[in-house]
Amino acid sequence: MALLHLAARVARQVGWSLRAVTVDHRLRPEAVEEAAHVARVCNDLGVPHDVVVWEHGDISGNLMEAARLARYHLMSEWGKTHGVGSVLLGHTADDEAETFLMALSRAAGLEGLSGMRRSFVEGSVTFRRPLLHEPRAALRAYLVRHGLTWVDDPTNENDRYTRTKARRALKALKPLGISVERLSSVVHNLHMAQGVVAEAVRKAGQEVVTETAGSLVFDRKEFLLLGPEINRLLLHAMLGWMTGQRHPPRSDQVRNLHFAVVKERDATLAGCRFLHRDGRVIMTREARAVGGPVPVGEVWDGRWQVSGPAGEVRALGADGLRQRPDWRSVGLPREALAATPAVWQGETLVSAPLAGWENGWSARLDAPVRFFGLSD
């Protein structure tokens, strides 16, 4: 609510076109009235307001993580619909401190302890967190000073959630001098260090890793000469780029994957295969893990855009390879090509752009490598 009022003030001064959105996760009946309250505030401020709803059935696994992913996806689609290029998020220094403690409980490495991203891209929208250095108390004081109201989310007091436990731990640590402000300084220092490490990883990746037909290829010996820590972070980055997953696999899984590269053994992790061929490691999607069929023109497997006449896009697979016996001329293993996009009409293959047979269709990566997203 503080961010809404601050953004409205700035918008009037600099000429921004401002629009607000509320996500109703359909998890609490009170959310409907809370969204209506936000709509009334926005109306008083002259800010257009929309409500988007997370339509879901039974949710298995981590509820908060599922809700978070749905929230950003819904806001990204909303932004695309309304021509919104940037979305401001109201995370505070308290959120940063709580996230740090949560990462500490998982024995996270430097990247996990260096704080929330100041900005990131989801679809065509850039999400920004302009209040990360402001404590929650300062924003509440701003609201009180200006006679503005807000609503507290009751889930913030529910001890079944890890973030609530982190919030309580922060209060317990205060007598030791471990405050939100102190942890904010620690996170800032780690963030600066992480920037140096990220630059080293980016440079190493540019020197060692290449992209071919959606697969990532690197010389095994050159990769290992980079050292174990750069190896680990590069593997994280490559997996993130290929799968679209924000969080890397567990550290023991990545350690086992690195061991497989050292021992020159093929391996599979997070829906990706690592194949050893003539001193090179070829990282590709696992055929059974790729996305389901979509019409030509829609994004397939989260990263491929196929253009051309009507048809159905799905993986080339073993059936497609049998229909294109000249696939070996491309120079990639059959496992890599099997996971590439192809166009089908029923059971008949009509195009395999990455296997050397376009036939009126083309395929391009919808998500450029940008060296594995490490520029954020």
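The values are calculated or read from the model by the stated rules, or taken from the named source; none is laboratory data. Since the model is a prediction, treat every value here as computed from it, not as a measurement. Neighbour counts run over all protein chains shown; Cβ positions are idealised from the backbone, glycine included.
Across region 48-87, what is the number of residues that are in contact with a strand residue (DSSP E or B) (Cβ under 6 Å, 6 or more places away or on another chain) and aromatic (Phe, Trp, Tyr)?
Matching residues across region 48-87 total 2.
Any residue at all in region 140-163 that is without any contact (Cβ under 8 Å) to a residue 24 or more places away in the chain, outside any helix (DSSP H, G or I) and small (Gly, Ala, Ser)? It would help to see each step written out before you state the result.
Just the residues of region 140-163 that are without any contact (Cβ under 8 Å) to a residue 24 or more places away in the chain, to begin with: 141, 144-145, 147, 152-153, 156-160.
Those still in the list that are outside any helix (DSSP H, G or I) too: 147, 152-153, 158-160.
Going one step further and asking which of them are small (Gly, Ala, Ser), we end up with 147.
Scanning region 140-163, I find at least one residue that is without any contact (Cβ under 8 Å) to a residue 24 or more places away in the chain, outside any helix (DSSP H, G or I) and small (Gly, Ala, Ser), so the answer is yes.
Exactly one condition in (1) among the aliphatic types (A, V, I, L, M); (2) in a strand (DSSP E or B); (3) over 30 Å from residue 306 (Cβ atoms) is false for residue 178; which is it?
(2)
Taking the conditions exactly as written (touching a residue at least 12 places away in the same chain (Cβ under 8 Å) and in contact with a Lys or Arg (Cβ under 6 Å, 6 or more places away or on another chain)), does residue 363 satisfy them or not?
For residue 363, the condition - touching a residue at least 12 places away in the same chain (Cβ under 8 Å) and in contact with a Lys or Arg (Cβ under 6 Å, 6 or more places away or on another chain) - is not met.
Among the residues in region 358-373, are any part of a strand (DSSP E or B) and either surrounded by 17 or more Cβ atoms within 10 Å (Cβ to Cβ) or touching a Pro at 6+ places or on another chain (Cβ under 7 Å) (or both)?
Within region 358-373, one or more residues are part of a strand (DSSP E or B) and either surrounded by 17 or more Cβ atoms within 10 Å (Cβ to Cβ) or touching a Pro at 6+ places or on another chain (Cβ under 7 Å) (or both).
Quick one: in region 242-274, of everything that is in a helix (DSSP H, G or I) and either of a type in the set (Ser, Thr, Tyr) or in contact with an Asp or Glu (Cβ under 9 Å, 6 or more places away or on another chain) (or both), which residue is nearest to residue 122 (Cα to Cα)?
Among residues in region 242-274 that are in a helix (DSSP H, G or I) and either of a type in the set (Ser, Thr, Tyr) or in contact with an Asp or Glu (Cβ under 9 Å, 6 or more places away or on another chain) (or both), the one nearest to residue 122 (Cα to Cα) is 243.
Residues are listed down the side, and each one gets a yes or a no for (1) of a type in the set (A, V, I, L, M, F, W, C); (2) at pLDDT 95 or above; (3) out of contact with any helix residue (DSSP H, G or I) (no Cβ under 7 Å at 6 or more places or on another chain):
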{"site": "262", "(1), (2), (3)": "yes, yes, no"}
{"site": "271", "(1), (2), (3)": "no, no, no"}
{"site": "281", "(1), (2), (3)": "yes, yes, no"}
{"site": "305", "(1), (2), (3)": "no, no, yes"}
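Please go through (1) over 30 Å from residue 110 (Cβ atoms); (2) not in a loop (DSSP other than H, G, I, E, B) for residue 310 and return the number of the only condition it doesn't satisfy.
(2)
Going through 291, 311, 320 one at a time, which residue ends up being free of Cβ contacts under 8 Å to residues at least 60 places away in the same chain and in contact with a helix residue (DSSP H, G or I) (Cβ under 8 Å, 6 or more places away or on another chain)?
The unique qualifying residue is 320.
Select from region 276-307 the residues that are surrounded by fewer than 19 Cβ atoms within 10 Å (Cβ to Cβ) and part of a strand (DSSP E or B) and list them in ascending order.
Residues satisfying the conditions are 276, 277, 280, 294, 295, 299, 305, 307.
Please work out if residue 332 is assigned to a loop (DSSP other than H, G, I, E, B), in contact (Cβ under 8 Å) with a residue 60 or more places away in the chain and under 29 Å from the mean Cα position of the chain (by Cα).
Spelling it out, residue 332 is indeed assigned to a loop (DSSP other than H, G, I, E, B), in contact (Cβ under 8 Å) with a residue 60 or more places away in the chain and under 29 Å from the mean Cα position of the chain (by Cα).
Could you run through region 315-346 and say how many residues are of a type in the set (Phe, Trp, Tyr) and at pLDDT below 90? Explain how you work it out, then say what you get.
Taking region 315-346 and keeping what is of a type in the set (Phe, Trp, Tyr), we get 327, 344.
The next check asks that each one be at pLDDT below 90; those that pass are 327.
Residues in region 315-346 being of a type in the set (Phe, Trp, Tyr) and at pLDDT below 90: 1 in total.
Just to be sure before I move on: is residue 106 among the charged types (D, E, K, R) and surrounded by fewer than 17 Cβ atoms within 10 Å (Cβ to Cβ) in the structure I sent? Give the derivation first.
Working: among the charged types (D, E, K, R): yes; surrounded by fewer than 17 Cβ atoms within 10 Å (Cβ to Cβ): yes.
Yes.
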